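So the structure is just underneath, and the comments pick up after that.
The values are calculated or read from the model by the stated rules, or taken from the named source; none is laboratory data. Note that the structure is a prediction, hence the values are computed from the model and not measured. Virtual Cβ from ideal backbone geometry, glycine too; neighbours counted across all protein chains shown. Heavy atoms of the whole protein, side chains included, go into the accessibility calculation; ligands, DNA and RNA do not. Shrake-Rupley method; radii C 1.70, N 1.55, O 1.52, S 1.80 Å.
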Amino acid sequence: MSLRFHNQRTKQVDEFTPQAEGQVSLYTCGPTVYDYPHVGNWSGYVYWDILIRVLQANNLNVTRVMNITDVGHLVSDADDGEDKLEKGARREGKTAWEIAAFYTDDFMKGIERLGLIMPTHITKATDYIEQQLDLVRILKEKGFTYEIDDGIYFDTAKFPSYDDFADLNLEAQKAGARVEFNPEKRNHSDFALWKFTPEGETRDMEWETPADLINDNETRQGFPGWHLECSAMAMSLLGNTLDLHTGGIDHVPVHHTNEIAQSEAASGVQFSNYWLHNNHLKVNGTKISKSLGNGITLDDIEAKGYDVLDFRLFVLQSHYRTEGNFTYENLDAAKNRRLNWRSVAALRHQTHDTLRDDNEKSTDEKSVSLYAASQALVETLSNDLDTPEAFKIIDDAFSRILGASVDDIHQHAFTGFIETIDELLGLQLIKTTPDIDDDIKRLIVERERARDNKDWSQADTLRSEIEKSGITVRDTANGSIWEYVA
RNA sequence: GGCGCGUUGGCGGAGCAGUUACGCAGCGGUCUGCAAAACCGCGUAGAUGGGUGCAACUCCCAUACGUGCCUCCA
């Protein structure tokens, strides 16, 4: 079995080989906790959840770090020392610390709602201030930094391969730039490692800048630049070279480019061997943005009567490197597909282990080797997380299940297949398809008896009775089958 | 102004130079006590114009439209 991923570092699909056999170190850029995440944010985390599951299915032990950005993420063009957290605090009349705590908590709940596997470490930027300052110190000692009025900056001109990762054309960008940049900066692409709190201001979140990092000896309060945290946390927990680093496609030209520059300038070795990026989700054909107010949240989805698992399935229908488009019409299609899959999964309660095993059944035209389908799922997903193709495999297998007589389905193998789907895709088909209770089973048997006696009115009465429990019955040549009422 | 990407049937969404993607929705039929399911079939997809191939949705060029980045962004 082999794993392949599209690697932004090499711009091609590469065979994946971890540094240490059987072990994978992985860093995922997490949220900035200043507001509720929207469907676009979540789609990325859903895809990286599949990545974890696929790595584990390949018998790899994953150590994963995800950060919580709770400081230092500057808003747009305002170069006035304000960051997203401080702004959010003003908006809601709270402190930046309270804002961070509230939305961090909300994010953690979202992880559970979507059934995402919890990272090994979830780290807050504010818990790693020391490590970030250490990194600044190393970069300063190596001559990569310079100080200007509002902070300590990284001199990108001293890192010659700066534009390789994103294939940037810095000269062209500079020539065509529409936004004024800080004239004190030496290069347009230079970025702040550490920002100083402006004179006369006090921030909710600020720390004393160590004297050895400042040119003159006066004490200055400050806070970390946004890019610094990821490098500091990744390297302190996972080492100087990671196996995998993931994030949104928007991070390629700035955030990840800067992470690479500052990390490799400090350590002298490659920061990450593989870089994976998820494409964005649009809403109704346009980019999701605060100003447009189209940032649909998990709560919005549920308020419209959908399950968050419908959204999860919707996301996985398209490949992670393809741009998606969220509309409620499309969510409807995903919901219907999930309900259909659920009906199939519920069939396992109505099958039995028979004398014939799964392999024997696979030789039967009408049957299907579910063991082979499980294998195919793992292999398909190992090929750059090909979820659309995985869905096809599931649909193929399910349609053969539906076409087969219940007596021809091997319960153990069938349940195993559903479990494999859940392990790989997290759709919770087992959990969402509980068996029916004995009272309903009795009614079903009673109804079958009525049918045998051709007592149709009694049979219909019993079916109505059964439907009060959210279960409906359909009749096949081999007996009655129950399903959940949609 | 600079740099890039996309355009597949009603909707979503894949692979592939020559065979049905798949799903959701729709229509017709078979089956059936009813209902449903299942199965079969249908709608002659590939933005437009050229080019290279025996052969192009699938490669190349151009045009149109859409969209992203260059400023924070998953």
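Rounded to the nearest 20, the Cβ-based charge dipole of the range A:1-77 about its Cα centre (Lys and Arg +1, Asp and Glu -1) stands at 240 debye.
This model, with +1 at the C-beta of Lys and Arg and -1 at the C-beta of Asp and Glu, gives the range A:409-486 a dipole about its Cα centre of some 220 debye. Looking at chain A, the accessible area is 45 square angstrom per residue; that uses a 1.4 Å probe and ignores ligands, DNA and RNA. When the C-alpha to C-alpha distance is required to be over 28 Å, the pairs from A:Lys87/A:Lys140; A:Lys94/A:Lys287; A:Lys124/A:Lys195; A:Lys109/A:Lys195; A:Lys84/A:Lys142 that qualify are A:Lys87/A:Lys140; A:Lys94/A:Lys287; A:Lys109/A:Lys195; A:Lys84/A:Lys142. Listed peptides A:101-110, A:379-388, A:310-319 appear in the order A:310-319, A:379-388, A:101-110 once ranked by packing, highest mean of other Cβ atoms within 10 Å at the front. Reducing the range A:270-319 and the range A:402-430 to their Cα centroids gives an inter-centroid distance of 28 Å. Here each label is just a point 7 Å from Cα along the line to Cβ, and for A:Ala486 and A:Asp438 those points are 3.4 nm apart. Rolling a 1.4 Å probe across all protein chains gives A:Glu323 an accessible area of roughly 100 Å². For chain A, the fraction of alpha-carbon pairs lying more than 44 Å apart is 26 percent, rounded to a whole number.
Overall, chain A carries a charge dipole of about 1120 debye about its Cα centre when +1 sits on the Cβ of Lys and Arg and -1 on the Cβ of Asp and Glu, all other atoms neutral.
Pairs of Cα atoms nearer than 8 Å and 6+ residues apart set the relative contact order; for the range A:96-239 it is 27 percent.
Going by the alpha-carbon gyration tensor, a ≥ b ≥ c the square roots of its eigenvalues, is the range A:194-313 rounded (a/c under 1.5) or, if a/c is not under 1.5, prolate (a/b greater than b/c) versus oblate? Taking the square roots of the gyration eigenvalues as a ≥ b ≥ c, the range A:194-313 is oblate. Ligands, DNA and RNA left out, the 1.4 Å accessible surface of chain A is 46% carbon and sulfur atoms.
Between A:Asp396 and A:Thr120, the contour length at 0.36 nm per residue exceeds the alpha carbon distance by 95.9 nm.
Secondary structure note: in chain A, about 50% of the DSSP beta bridges are antiparallel.
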